[in-house]
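Working notes, structure below.
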């Protein structure tokens, strides 16, 4: 248990929790805001208009090809230079994660929408439902169920990827951990593992409930 | 031929005139100059080999497929006029209200899996016809009672058998009070024992005077329910009879005779030892 005492040092756990809060905040805002963006993008991708589809394709491929880190730097340094729009580090992170989450979720939404057989929408049509009513009441609810597992997976990826925010100077949970380790290097040379162990546990606590909820819902909807 | 048809037009719930249906990039017409009337309260059964255009015919009437020639009229009012070059046009732009006048039941039921039985039946009356919820629910329960499924009102589609689902699908179409009900091989996906429970419902509807166009491969059912019968082949009407009994016993055309014979089996002789 050598080095474990570092966790009991005054201020260590509260600071880690503060860091965790930053992580959770960035992740939560990004995930929640990705949902409407993803739904919109996914819907646009199923439209007949070739222009819209090509634009969405370019957006998705751009986001996918670029490393998230490069996107973060682009948003953080690029926006200030090009648009005179001075995003702070947290803002840049949230923006990038929304664009990324929106693109990835959009592709999931597209796949789920297209997986609903055409005859379901024909069935809505002959009952007199408008296209919009058919979409909202028949197609979308079924699509949402189908994309649930993959989108929870995406949400946990977003939570984990928030650690890149460190590189823009955001003091989230990993940065806090590093600071604690650095400050106690001489007093607790073996504390490193303990701090990272706690951080691992914290990520687990954040992501685990997501997969529990997903599994529950999946089970409940399994028979549809 | 056309003159005779025009004469019988009076009182027709649905009239189809010189209907032409063609798919893009296909030389052959799926439906070619098809004309008939369905008088109010009568049942027209359409039979024919696979690929003869039976289902396509129902789909054009329901507005799911654009037509390239001819007309479709509902109670004397033209609702669809064919135009050449519309092969890729997609579904008809007919109004929601008009669509509720023509009901359609599919072979694969197509209940909405995200809604309960009651939710499926009540959706269109509430969303499209904007009817009162209590009144719609009362009628839905009444319909469910008629098809023997009152106790399944809160079930989910996946909890039901095929035959039960198909009876729900019929209720879902009926609650809109369609002038014409289109049934597209509604028992083709069912186990033999479930076929009966669905067909009994349809026979009940026929007795109650529901105008229907039925596409089916069940010849005995066709014989039991039809007021008129059409044999379709390669998009053409081969024989149109308003005496189904006669059609099934002594059809006028040779083609009909051969078609009906495919449903008969003779006892295979055993090899003599």
* With Cα atoms, 0 to 90° folded angle of helix A:50-65 axis to chain A main axis -> 20 degrees
* Where labels lie 7 Å past Cα in the beta-carbon direction, separation of residue B:262 and residue A:52 in nm -> 4.3 nm
* Asked: If you wrap a convex hull around the Cα atoms of region A:4-221, how much volume per residue is inside, in Å³?
  -> 140 Å³
* So what are chain B's ellipsoid semi-axes, whole angstrom, largest first, if each one is the square root of 5 times an eigenvalue of the alpha-carbon gyration tensor? -> 30, 26, 17
* To do: Could you line up B:99, A:50, B:223 from fewest to most neighbouring Cβ atoms inside 10 Å?
  => A:50, B:223, B:99
* To do: Using R₀ = 30 Å, calculate the FRET efficiency as 1/(1 + (r/R₀)^6) where r is the Cβ-Cβ separation of residue B:177 and residue B:155; round to 0.05.
  => 0.80
* Using 1/(1 + (r/R0)^6) with R0 = 30 angstrom and r between the beta carbons of residue B:25 and residue A:131, what's the FRET efficiency to the nearest 0.05? -> 0.70
* Asked: By count of other Cβ within 10 Å, fewest leading, how are A:93, B:171 ordered?
  -> B:171, A:93
* chain B: relative contact order as a whole-number percent, Cα under 8 Å and 6+ apart -> 23 percent
* Tell me, what is the FRET efficiency for residue A:190 and residue A:160 to the nearest 0.05, using R0 = 25 angstrom and their Cβ-Cβ distance as r? -> 0.45
* Find the centroid of the Cα atoms in region A:196-213 and in region A:116-176, then give the distance between the two in whole Å. => 22 Å
* Give me the number: length gained by fully extending residue A:213 to residue A:40, i.e. 0.36 nm times residue separation minus the C-alpha to C-alpha distance, one decimal in nm. => 59.9 nm
* Can you give the relative contact order of region A:4-221 as a percent, counting alpha carbon pairs under 8 Å and 6+ residues apart? -> 31 percent
* Using only Cα atoms, find the angle between the long axis of helix A:140-161 and the longest principal axis of chain A, and express it within 0 to 90 degrees, rounded to the nearest 10. => 20 degrees
* Quick one: compute the contact order of region B:103-202, relative version, from alpha carbon pairs under 8 angstrom and 6+ residues apart, as a percent. => 45 percent
* To do: Determine the equivalent ellipsoid of the protein assembly as shown by diagonalising the alpha-carbon gyration tensor, then write out the semi-axes as square roots of 5 times the eigenvalues, largest first, rounded to whole Å.
  => 62, 25, 20
* On Cα atoms only, tilt of A:12-45 relative to the major axis of chain A in degrees -> 20 degrees
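Read-outs: derived from the displayed coordinates by stated rules, not from any lab. These numbers were taken from a predicted model, which means no experiment stands behind them. Note that we place each Cβ from the backbone using ideal geometry, even for glycine, and neighbour counts take in every protein chain shown.
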